[in-house]
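The block underneath contains the structure these notes are about, expressed in structure tokens.
The values are calculated or read from the model by the stated rules, or taken from the named source; none is laboratory data. No experiment lies behind these values; they were computed from the predicted model shown. Heads up, the Cβs are rebuilt from the backbone with ideal geometry, glycines too, and the neighbour counts pull from every protein chain shown. These area figures cover heavy atoms from the full protein model, side chains too; ligands, DNA and RNA do not enter into them. Shrake-Rupley method; radii C 1.70, N 1.55, O 1.52, S 1.80 Å.
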Amino acid sequence: MDPQPRAHENVVRLIEKGVDVRAPLSVDVGDEVDVTRISGDGVTIYPGCRIYGERTVISEGCTLGAEGPVTLDDCRLGPRVALKGGYFKRSVFLEKANMGLGAQVREGCLLEEEANGAHCVGLKQTILFPFVTLGSLINFCDCFMAGGTSRKDHSEVGSSYVHFNYTPDGDKTTASLFGDVPRGVMLDRPPIFLGGQGGAVGPVRVGYGTVVAAGSVLRADVGDDRLVFASPPESHERQHQPLSYRNLSRVVANNLAYLANLVALEHWYREVRAPFFERQALGDLVYEGALDMLALAKTERTKRLSAMAAKVPRSTEAAEQFAAGVDRIATDFMEARGIADASAFLRHIEGSWKAGNYLETMQGLSPEAKAAGVQWLEEIVARLTQEAADILPAMDLPSA
């Protein structure tokens, strides 16, 4: 019997690179892991951590397992990310993002700069813009959230919050937008506050500057700058009717809006964010991972939309159009390219890009530059949602 751990050679290679492995015999590194994708500059791995996945990237200054063991599987970490304890799979974390003990971050998540969560946070298919903060004991799957201008002025999800993302009919066409991409990328929107011990029944859309009182469960869309107290519904009992889909138009509209925002964010990464990654060591690999997450998110949302279309009773003209047109709609969103011209915005920011710091550059843009950027991205969202609405005229879908 050979008592030497199977990961011995990889762990030795990490130590030789300069990685601080606090208890080498307790760390497992899969044979498929490419250690050239792990920086030796300021990376610390605490006892009990497990690192797997051929696509895994760990950039400079990252810390794994400071509060408890970490399992990292096919994740890509930008500089100075801190994953303090938990399970992380097929997700991407940008500079200074961090998660506390007991996190479970599953596939399809993208946490941008300084986004963070306290202990026992569950995420899947979730996108958090810079500074967004999640409290403890939270389930926030199938969500997009933006808002706030800094770590002192950020969107917040209170402890024990739940995003309800599964219906009695087995649907997951429930992704919710807390904020939006076109305005959110400018990092100048008022934060959103979702009070603790509350929840949202997806799919909902919530505007910037909105405060939802603790204990409230959202069941409807909310605009900008609202104060919301959502009372529990009255006790009621009646015959349950499966697959009734009384709010089909609203559900479809919110799904299309979510998809259109994903496409806008993909364009933003390709046209604007790419140069910032190029200036980071291993940044090209992290950038590739971010695009992978956005593609995965679009695939997930179109798959769920198609699955619902197959179940909806074709008792109305709107339902018939939905079933007949969903594949075309899915293709339009998956293949969307060159929808709107970014040149006006790009001209504004030429010469204003600072040496690799994305947050400072966005925060330093002029009002004229920001307006041009918002207009470009809103045009992407509007065109895609209008094209989908043209395929489904009987649904009378609202504009984006």
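Go through 126, 133 for me and flag whichever is of a type in the set (Val, Ile, Thr), open to solvent by less than 10 Å² (accessible area, probe 1.4 Å) and at pLDDT 95 or above. Explain how you work it out, then say what you get.
Numbers: 133 fails: open to solvent by less than 10 Å² (accessible area, probe 1.4 Å).
One residue alone meets the criteria, 126.
Cβ contacts < 6 Å: first residue without any contact (Cβ under 8 Å) to a residue 60 or more places away in the chain, restricted to segment 37-63; second residue of a type in the set (Ser, Thr, Tyr) and surrounded by fewer than 20 Cβ atoms within 10 Å (Cβ to Cβ), any location; separation 6+ or different chain. Result?
47/26; 48/26; 63/44
Residues 46, 52: which one is aromatic (Phe, Trp, Tyr) and touching a strand residue (DSSP E or B) at 6+ places or on another chain (Cβ under 6 Å)? Outline the logic, then answer.
Working: 46 fails: touching a strand residue (DSSP E or B) at 6+ places or on another chain (Cβ under 6 Å).
Of the residues listed, the single one that is aromatic (Phe, Trp, Tyr) and touching a strand residue (DSSP E or B) at 6+ places or on another chain (Cβ under 6 Å) is 52.
Cβ contacts < 8 Å: first residue farther than 17 Å from residue 386 by Cα and among the hydrophobic types (A, V, I, L, M, F, W, C), restricted to segment 336-347; second residue outside any loop (DSSP other than H, G, I, E, B) and open to solvent by 40 Å² or more (accessible area, probe 1.4 Å), any location; separation 6+ or different chain. Result?
The qualifying pairs are 342/271; 344/375; 345/375; 346/271.
Please count how many residues of segment 161-180 are assigned to a loop (DSSP other than H, G, I, E, B), crowded, with 18+ Cβ neighbours inside 10 Å and not β-branched (Val, Ile, Thr). If you could, list the steps in order and put the result at the bottom.
We begin by selecting, within segment 161-180, every residue assigned to a loop (DSSP other than H, G, I, E, B); these are 161, 165-175, 179-180.
Checking the rest, the ones that are also crowded, with 18+ Cβ neighbours inside 10 Å come to 161, 165, 171-175, 179-180.
Among the residues that remain, those that are also not β-branched (Val, Ile, Thr) are: 161, 165, 171-172, 175, 179-180.
Qualifying residue count, segment 161-180: 7.
Which residues, taken from segment 342-380, are among the β-branched types (Val, Ile, Thr) and either open to solvent by 40 Å² or more (accessible area, probe 1.4 Å) or at pLDDT 95 or above (or both)?
Within segment 342-380, the subset among the β-branched types (Val, Ile, Thr) is 349, 361, 374, 380.
Passing the criteria: 374, 380.
Against the condition modelled with pLDDT under 95 and either open to solvent by 10 Å² or more (accessible area, probe 1.4 Å) or part of a loop (DSSP other than H, G, I, E, B) (or both), how does residue 9 come out, does it pass? Break it down into steps so the answer makes sense when it comes.
On the way: modelled with pLDDT under 95: yes; either open to solvent by 10 Å² or more (accessible area, probe 1.4 Å) or part of a loop (DSSP other than H, G, I, E, B) (or both): yes.
In short, yes.
Out of 183, 189, I need the residue that is touching a helix residue (DSSP H, G or I) at 6+ places or on another chain (Cβ under 8 Å), assigned to a helix (DSSP H, G or I) and not hydrophobic (A, V, I, L, M, F, W, C). Which one? Give the derivation first.
Working: 189 fails: assigned to a helix (DSSP H, G or I).
Matching residue, one of 183, 189: 183.
If you scan segment 211-267, which residues turn out to be at positive phi, free of Cβ contacts under 8 Å to residues at least 40 places away in the same chain and either assigned to a helix (DSSP H, G or I) or open to solvent by less than 60 Å² (accessible area, probe 1.4 Å) (or both)?
Correct list: 215 only.
Could you check segment 15-50 and list, in sequence order, the residues that are open to solvent by less than 40 Å² (accessible area, probe 1.4 Å), closer than 22 Å to residue 118 by Cα and out of contact with any helix residue (DSSP H, G or I) (no Cβ under 6 Å at 6 or more places or on another chain)?
Scanning segment 15-50 gives 43, 44, 45, 49.
Give the residue, chosen from 329, 339, that is buried (at least 17 other Cβ atoms within 10 Å of the Cβ) and part of a helix (DSSP H, G or I). Give the steps one after another, and end with the answer.
Numbers: 339 fails: part of a helix (DSSP H, G or I).
From the options 329, 339, the qualifying one is 329.
Being open to solvent by less than 50 Å² (accessible area, probe 1.4 Å), touching a Pro at 6+ places or on another chain (Cβ under 7 Å) and within 24 Å of residue 280 (Cβ to Cβ) is true for just one of 108, 53, 61, 85. Which residue is that?
Details: 108 fails: touching a Pro at 6+ places or on another chain (Cβ under 7 Å); 53 fails: touching a Pro at 6+ places or on another chain (Cβ under 7 Å); 85 fails: within 24 Å of residue 280 (Cβ to Cβ).
Within the list 108, 53, 61, 85, the selection yields 61.
Please list, ordered by first then second residue, the pairs with beta carbon atoms under 9 Å, 6 or more apart or interchain, first in segment 290-314 and closer than 11 Å to residue 173 by Cβ, second among the polar types (S, T, N, Q) and surrounded by fewer than 14 Cβ atoms within 10 Å (Cβ to Cβ).
302/331
So which pairs qualify, if the first residue must be in segment 381-400 and surrounded by fewer than 20 Cβ atoms within 10 Å (Cβ to Cβ), the second must be part of a loop (DSSP other than H, G, I, E, B), the Cβ gap must be under 6 Å, and the two must be at least 6 apart or on different chains?
Going by the 6 Å Cβ cut-off, the qualifying pairs are 382/400; 383/339; 389/397.
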